[in-house]
Protein chains: 4
Amino acid sequence: MAIEGTTETRAPRIRLGMVGGGSGAFIGAVHRIAARIDDHYDLVAGALSSTPERSRQSGAELGLHPSRVYDDFKSMAIREARLKDGIEAVAIVTPNHMHYPAAIEFLKRGIHVICDKPLTSNLADAKKLVKATESSDALFILTHNYSGYPMVRQAREMVARGDLGDIRLVQMEYPQDWLAEPVERSGSKQAEWRTDPARSGVGGSTGDIGTHAYQLGCFISGLELDELAADVHTFVPGRQLDDNAHVMLRFKGGAKGMLWCSQVASGNENALKVRVYGTKGGLEWEQENPNYLWYTPLGEPKRLLTRGGAGALDVAARVSRTPGGHPEGYLEGFATIYSEAARAIQAKRTGKTVDPAVLYPTVADGLKGVTFVTACINSSKRNGAWVKV
Amino acid sequence: MAIEGTTETRAPRIRLGMVGGGSGAFIGAVHRIAARIDDHYDLVAGALSSTPERSRQSGAELGLHPSRVYDDFKSMAIREARLKDGIEAVAIVTPNHMHYPAAIEFLKRGIHVICDKPLTSNLADAKKLVKATESSDALFILTHNYSGYPMVRQAREMVARGDLGDIRLVQMEYPQDWLAEPVERSGSKQAEWRTDPARSGVGGSTGDIGTHAYQLGCFISGLELDELAADVHTFVPGRQLDDNAHVMLRFKGGAKGMLWCSQVASGNENALKVRVYGTKGGLEWEQENPNYLWYTPLGEPKRLLTRGGAGALDVAARVSRTPGGHPEGYLEGFATIYSEAARAIQAKRTGKTVDPAVLYPTVADGLKGVTFVTACINSSKRNGAWVKV
Amino acid sequence: MAIEGTTETRAPRIRLGMVGGGSGAFIGAVHRIAARIDDHYDLVAGALSSTPERSRQSGAELGLHPSRVYDDFKSMAIREARLKDGIEAVAIVTPNHMHYPAAIEFLKRGIHVICDKPLTSNLADAKKLVKATESSDALFILTHNYSGYPMVRQAREMVARGDLGDIRLVQMEYPQDWLAEPVERSGSKQAEWRTDPARSGVGGSTGDIGTHAYQLGCFISGLELDELAADVHTFVPGRQLDDNAHVMLRFKGGAKGMLWCSQVASGNENALKVRVYGTKGGLEWEQENPNYLWYTPLGEPKRLLTRGGAGALDVAARVSRTPGGHPEGYLEGFATIYSEAARAIQAKRTGKTVDPAVLYPTVADGLKGVTFVTACINSSKRNGAWVKV
Amino acid sequence: MAIEGTTETRAPRIRLGMVGGGSGAFIGAVHRIAARIDDHYDLVAGALSSTPERSRQSGAELGLHPSRVYDDFKSMAIREARLKDGIEAVAIVTPNHMHYPAAIEFLKRGIHVICDKPLTSNLADAKKLVKATESSDALFILTHNYSGYPMVRQAREMVARGDLGDIRLVQMEYPQDWLAEPVERSGSKQAEWRTDPARSGVGGSTGDIGTHAYQLGCFISGLELDELAADVHTFVPGRQLDDNAHVMLRFKGGAKGMLWCSQVASGNENALKVRVYGTKGGLEWEQENPNYLWYTPLGEPKRLLTRGGAGALDVAARVSRTPGGHPEGYLEGFATIYSEAARAIQAKRTGKTVDPAVLYPTVADGLKGVTFVTACINSSKRNGAWVKV
């Protein structure tokens, strides 16, 4: 296990700012815990709300120095870039439509960006953000947090080293039920912006959770999508964005797959699941029991690989903090993305080469995600015609 | 529980013949056990193999009187129809292509037919068989055995009485792995005929297991398919029939669904699973743990309903033999189809009305199944275009 | 798979009688189904109730010829022994206190006995029954049905061949909840006799389910008990027999174990579970999901062995009827005891040696069970002192 | 959810020191992460190893100021007590035998103690520590971390408010397998001290994990132990402390229970499980899937209560950080103990009354744990005689 990674922690902590994530926001608090778990960051600045007053109040609650709490992200980018001890990295945890305008302000000032997914609310912004990142010296890390789970890392490694042979099938699903009723009209702030095209973008369930499932399927299988056919639908009357999608996928090289994401499947909390099958074996992983990975070598009994257990590989141990049987969860997986980012940022700081084991989703993965959402919507508009990506 | 159903058993056992199912056949033995479990049948005659000698040998092994063992199904139909104590019903357990020619010989002589699925190897035969059944005084029972499981019955009843509200989604999957390699070329008789278009028909995995999943999804949800889009594929080189299919479905009334069937998904033995979600709740059922049914009323904790447990309904108890916690399995579910058939046949025998609770798949369900397979193949040929059924 | 075991079925069916098991009795119907599943028996006679009228009515319902329905077991034993085509074996499925008096009537007339457990309601009867069996030419089979499950057979074989090394621990538990309230006073016939010392004997939960857990722990581990210490208790006020027992066990050779049986553990239907740990690995098996066996070779990932799957041994396949993923249940496990008995009886009939693979619980196992119950009660009376067995 | 508890975080962080927990120690790193997760602490001082040089090296790795890294805990206590910004609390994470000598140095100087379990290596020390705490103005928090899990809190609350009726049974088990072989002799530092009586105390598995299971059983059930009978054993030859224990328990008021702890049960990583059954229902919880709690109201279907789900109570939500389906793990449960301690310490700091919802294990719970271990050993020495506690 790499608990606190000894020598790593000697590096001074990274000074971190945050855009969005004021009181009551779910994902902002998650990012802050994730940044603290492995102790690579100090949160020192924030533009925590689109309302200046709420930003200041949230800053006080978080114990930020008032001089480092900003009314808006642009002021923050400008001033922090000038400070001697200004932030080195910023976490962007706003609704989707603000990812792009916020990110470019920091990228162009050389401040590393750690941004929530999906990358942007539309494809044009996503492409511009890729370019902005290419022109910047700063790093761009996308928090597809599920790829931080140790057994997801292990799954990817097992596929990469050939344990499954040639991949034939990638089955992805991500059902939830929290939007089975129109809760966006009864006061749920989380539901409000996630079902609002102006803030979320073209995709509803496809953008919010479909992108996670898609990213994870590709992350584990190592495959690239070729084309897809989608039947995207809104079940709850009056809702403006999709709350369910059925997608058939064809990957380059001949593998096939399906993806189902839903926010109206009663009885499912956050049931992300990825299954990969190849000529020599199969793997199955579920987010709600993330410490386990089922592995079946073709013609042999099924094995339950556990994080920290006998079958765990180095790639899993490297991002684990506790022994087997002491479950790590969602926050630790998220923390791994932050810690991988820290390793890259610290290497950058000292001009060293990043350890090749370091792995995090990038702006390019973000573009793939937005491309996926766009393709789903386009295919669906054309009655499920195959759309190349 | 309806163990042996007391008064029912007083009716004399039904004299049963069998076509196919000689030594070494898997499904023939299953049918025979299923017929015995609730004691409604006596197996008294058979044309057990396409090879007369093997038929005779199998008859001897089963303890049939030599005079009732036939070289072919036609001789059997002719002679048994004339016998005073000839068979009242016949079980047809041959490869698919023989279902039609065998069935009509018995139907036209007034002998009830209990036939394995899929109904026929092609749509034309299926339609003719529907007509033949309509013209006959005999009953036609199709052994979609999974609809005999008590908790499947319960699921159907819960949907019917509105526990789930309006149905939005039906997710069906049926992965297996036994054909992940070309075992049809290394001596597996089961694999041989199931991958041979001449004996199986147009569908491989779609016909063999896809029809089961489709029938079960419709049986539970009570929905009728409107159209489907399919990506049907053969992964194992040289195989003549599909071994994997991804299907998107649209039901009449607006519900949607997906169906995945595969014979190449390593680590899956017989993992048929149906999930149904409505405006008021969700249900999940898995064939490999058939005594359980997960039920979530929207906004309440998930419940694990068990066969024989506190939440079991009469429709489940009616087809159960043991108390909760004493698991029933595949053979008991299969036996229920036989026993339902027996109740219908016995009612017919005495001119009584069949108990309205009696439920079994019919020739009409069989036509739907073959229509489904045909639509999958047609859609796939047209690159996944939507095909009306 | 040994579906209907081809050549075996050529032997004429065994003529079977039944003592007890009239309408409404749970276990009688189970025995009859178990006897039918593999087609080795014909039920031809019965003394189905202690009330002659009910015996006759039940006989009619089961389709027995009136001349073969008896008012009491003794008349049945006497007359059937004289008939040319009289019964060859009898199933005794009465409450416990009648096992002994019924069994000896058949044993002394050379009729094989298939008897429900526990062997008898007290130790003295148990010892006399062992002697009676020794003096008889007939076989005595005790239906500890759980030892008929294929994966239980596999577990036993894996221990025997050394896969687990030296056994250190045997953990047995058998919680139920059906007696959590005094249902014996509100009309449950099953509860009535099971909580009545006159019919059940000295043990309540210990006799009814503790004996099953104990038998299974010994069956799998191959160990012999040396001594035990028990805390036996009755939680439901007014109940005359124990409804919960905690037992610590020491086996010959140094292994240790625990056994918990309870009829008042809300949420448990029939949750029999046995876990065995040795110097080289561990095994875990649960009755409610009987087709699975967890196996962990020390220092390797856990494996899920499945009935019919890649890791299934011959001893499991030998008593299986369906392929992996097609679950067998309680009735099939029970049927295996009947079929093993049939193989032994048929060998006896023809003077052949019984296939050494044939395995069923005997009168000696029954004595061990009653000894176990008696030791539990005695230890508990002495405040949990260790009692040698 | 109480993510970072807004107003709470405005209180200045608590200055924390650590005794033990240098490089390579498992539990020290866990404590540090736990202290960081909810951001109530700053680690500012340490006596991190019994070897001064290792203490200094570890301090550097953790980024402590060299002036706050001490050669031994006594120097640390003396100097930090005098510093204006000296530590307010200390985490003691040494092997068991050092808990007592370290704790009293801080207690007598008014520094709050957060101490790992078991409380001490022997009963005399435990009693003295209770007195030392009574004489001190400082708080004593024992990190029985499993009582920090939200669904454990919920279980306790459900029992307390009567959902289960009168408690009849508490079944506790805690099997592991990491000591199935003599790894203490092949370089495992964790195994070395845990099997060494000089450092661990009288109990091996009983002290290391038995105390956890016992504390949790009492925490959830609200019961007090009356007496126990134990069969404590060492399976691995040459090992000086027990590696397995079977215990029967009698609680005040008439409830009964069993406890099994083992370090030699192959296939078990950290399988702590508590089941509680009462006159009106039952609860089951497993540490390796801590976000779930099974609840069966007697006579109703089983429910799967989830952290953050529909059935979660306020007591669970209060100590949760993420929504349902986003699993929290071992570190979050541990963090809850730290955060509860922080709330009590901060109240103390400002002279306020502690929120009555705040809940953490105390020195009194620690004494109970050591009493339990001592009673197990004593009972076992007297061949399992009942020992009052």
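The values are calculated or read from the model by the stated rules, or taken from the named source; none is laboratory data. Since the structure is predicted, the reported quantities are computational estimates derived from the model, not experimental observations. So basically every Cβ, Gly included, is an ideal-geometry build from the backbone, and we count neighbours across all protein chains shown.
With the structure loaded, tell me whether A:E300 is away from chain D (no Cβ under 11 Å) and surrounded by fewer than 24 Cβ atoms within 10 Å (Cβ to Cβ) or whether it fails that test. Spelling it out, A:E300 is indeed away from chain D (no Cβ under 11 Å) and surrounded by fewer than 24 Cβ atoms within 10 Å (Cβ to Cβ).
Quick check, is C:D208 in a loop (DSSP other than H, G, I, E, B), at pLDDT 95 or above and under 22 Å from B:P323 (Cα atoms)? Walk me through it before giving the result.
Numbers: in a loop (DSSP other than H, G, I, E, B): no; at pLDDT 95 or above: yes; under 22 Å from B:P323 (Cα atoms): yes.
Taking the combined requirement at face value, the residue does not satisfy it.
Pairing residues of region B:269-281 that are touching a residue at least 24 places away in the same chain (Cβ under 8 Å) and away from chain C (no Cβ under 14 Å) with residues that are part of a strand (DSSP E or B) and of a type in the set (S, T, Y), at Cβ distances under 7 Å and at least 6 apart in sequence or on separate chains, gives B:G281/B:Y295; B:G281/B:T296.
If only residues of region C:355-389 that are closer than 30 Å to D:S380 by Cα and polar (S, T, N, Q) are counted, the one that is surrounded by the fewest Cβ atoms within 10 Å (Cβ to Cβ) is C:N383.
Is region D:245-264 home to any residue that is modelled with pLDDT of 95 or more and touching a Cys at 6+ places or on another chain (Cβ under 8 Å)? Steps first, answer last, please.
Here is the first cut: in region D:245-264, the residues modelled with pLDDT of 95 or more are D:245-264.
Filter once more, keeping what is touching a Cys at 6+ places or on another chain (Cβ under 8 Å): D:245, D:247.
The answer is yes; a qualifying residue exists.
Among the residues making up region B:142-179, those that are within 21 Å of B:H246 (Cα to Cα), hydrophobic (A, V, I, L, M, F, W, C) and either touching a strand residue (DSSP E or B) at 6+ places or on another chain (Cβ under 8 Å) or more than 14 Å from chain A (Cβ to nearest Cβ) (or both) are B:L169, B:V170, B:M172.
From the list D:P52, D:P95, pick out the single residue that is surrounded by fewer than 17 Cβ atoms within 10 Å (Cβ to Cβ) and over 16 Å from D:A138 (Cα atoms). Working first, answer last.
On the way: D:P95 fails: surrounded by fewer than 17 Cβ atoms within 10 Å (Cβ to Cβ).
On inspection, the qualifying residue turns out to be D:P52.
Here C:L249 meets each of (1) closer than 21 Å to B:A310 by Cβ; (2) more than 14 Å from chain B (Cβ to nearest Cβ) with one exception, condition (1). For D:D231, the criteria (1) of a type in the set (D, E); (2) facing chain C (nearest Cβ under 10 Å); (3) under 11 Å from D:L179 (Cα atoms) hold in every case but one, which is (3). Restricting region B:287-297 to residues that are polar (S, T, N, Q) and farther than 18 Å from C:N268 by Cβ leaves a set whose member that is nearest to the other protein chains (Cβ to nearest Cβ) is B:T296. Given the conditions (1) within 26 Å of A:G24 (Cβ to Cβ); (2) of a type in the set (S, T, Y); (3) not assigned by TED's automatic domain parsing to the domain that holds D:D226, which single one is not true for D:T353? Only one criterion is unmet by D:T353, namely (1).
Please verify whether region A:157-168 includes one or more residues that are in a helix (DSSP H, G or I), in contact with a Ser or Thr (Cβ under 9 Å, 6 or more places away or on another chain) and not assigned by TED's automatic domain parsing to the domain that holds A:G238. No, region A:157-168 has no match at all. Taking region B:316-340 as the range and being more than 10 Å from chain C (Cβ to nearest Cβ) and surrounded by 21 or more Cβ atoms within 10 Å (Cβ to Cβ) as the test, the residues that pass are B:A316, B:V319, B:S320, B:T336, B:I337, B:Y338, B:S339, B:E340. Of all the listed residues (A:A60, A:A89, A:A102), the sole one being of a type outside the set (D, E, K, R) and more than 26 Å from A:K128 (Cα to Cα) is A:A60.
Considered as a group, the residues in region C:234-244 that are within 13 Å of chain D (Cβ to nearest Cβ) and not β-branched (V, I, T) include one that is surrounded by the fewest Cβ atoms within 10 Å (Cβ to Cβ), and that residue is C:P237.
Does C:L119 qualify as being assigned by TED's automatic domain parsing to the domain that holds C:A25, under 17 Å from C:F372 (Cα atoms) and part of a helix (DSSP H, G or I)? Walk me through how you get there before you give the answer.
Values: assigned by TED's automatic domain parsing to the domain that holds C:A25: yes; under 17 Å from C:F372 (Cα atoms): yes; part of a helix (DSSP H, G or I): no.
In short, no.
Every condition in (1) assigned by TED's automatic domain parsing to the domain that holds D:L313; (2) surrounded by 19 or more Cβ atoms within 10 Å (Cβ to Cβ); (3) under 30 Å from D:E105 (Cβ atoms); (4) touching a helix residue (DSSP H, G or I) at 6+ places or on another chain (Cβ under 9 Å) is met by D:I209 except one, and the failing one is (4). Go through C:K280, C:K273, C:K348, C:K352 for me and flag whichever is surrounded by fewer than 24 Cβ atoms within 10 Å (Cβ to Cβ), basic (K, R), under 30 Å from C:D137 (Cα atoms) and touching a strand residue (DSSP E or B) at 6+ places or on another chain (Cβ under 8 Å). Every option except C:K348 fails the conditions.
Which of the following residues is farther than 18 Å from D:N122 by Cβ, touching an Asp or Glu at 6+ places or on another chain (Cβ under 6 Å), touching a residue at least 12 places away in the same chain (Cβ under 8 Å) and among the aliphatic types (A, V, I, L, M): D:A191, D:A155? Break it down stepwise before answering.
Details: D:A155 fails: touching an Asp or Glu at 6+ places or on another chain (Cβ under 6 Å).
Just a single option satisfies the conditions, and that option is D:A191.
Once region D:184-206 is narrowed to residues that are touching a Cys at 6+ places or on another chain (Cβ under 9 Å) and small (G, A, S), the residue that is surrounded by the most Cβ atoms within 10 Å (Cβ to Cβ) is D:S205.
Check whether at least one residue in region A:86-100 is within 14 Å of chain D (Cβ to nearest Cβ) and within 30 Å of D:Y41 (Cβ to Cβ), and report yes or no.
Just the residues of region A:86-100 that are within 14 Å of chain D (Cβ to nearest Cβ), to begin with: A:93.
Pick out the ones that are also within 30 Å of D:Y41 (Cβ to Cβ) and you get A:93.
Yes, region A:86-100 contains at least one residue that is within 14 Å of chain D (Cβ to nearest Cβ) and within 30 Å of D:Y41 (Cβ to Cβ).
Taken over region C:222-239, the residue count meeting the criterion of being in a strand (DSSP E or B) and among the hydrophobic types (A, V, I, L, M, F, W, C) is 5. The C-beta contact set for region A:365-389 (first residue closer than 11 Å to A:N122 by Cα, second residue β-branched (V, I, T), distance under 6 angstrom, 6+ apart or interchain) comprises A:L367/A:V130; A:G369/A:T211; A:V370/A:T120; A:T371/A:V389; A:V373/A:T206.
From the list C:K84, C:K74, which residue is over 30 Å from B:E61 (Cβ atoms) and modelled with pLDDT of 95 or more? Going through C:K84, C:K74 in turn, just one is over 30 Å from B:E61 (Cβ atoms) and modelled with pLDDT of 95 or more: C:K74. Checking each residue of region D:253-268 against the condition of being more than 14 Å from chain A (Cβ to nearest Cβ) and polar (S, T, N, Q) gives no match.
I'd like to verify a number: residues in region D:265-279 that are touching a helix residue (DSSP H, G or I) at 6+ places or on another chain (Cβ under 8 Å) and in a loop (DSSP other than H, G, I, E, B), how many? Before the answer, list the steps.
Taking region D:265-279 first, the residues touching a helix residue (DSSP H, G or I) at 6+ places or on another chain (Cβ under 8 Å) are D:272, D:274, D:276, D:278.
The next check asks that each one be in a loop (DSSP other than H, G, I, E, B); those that pass are D:272.
Looking only at that region, the number is 1.
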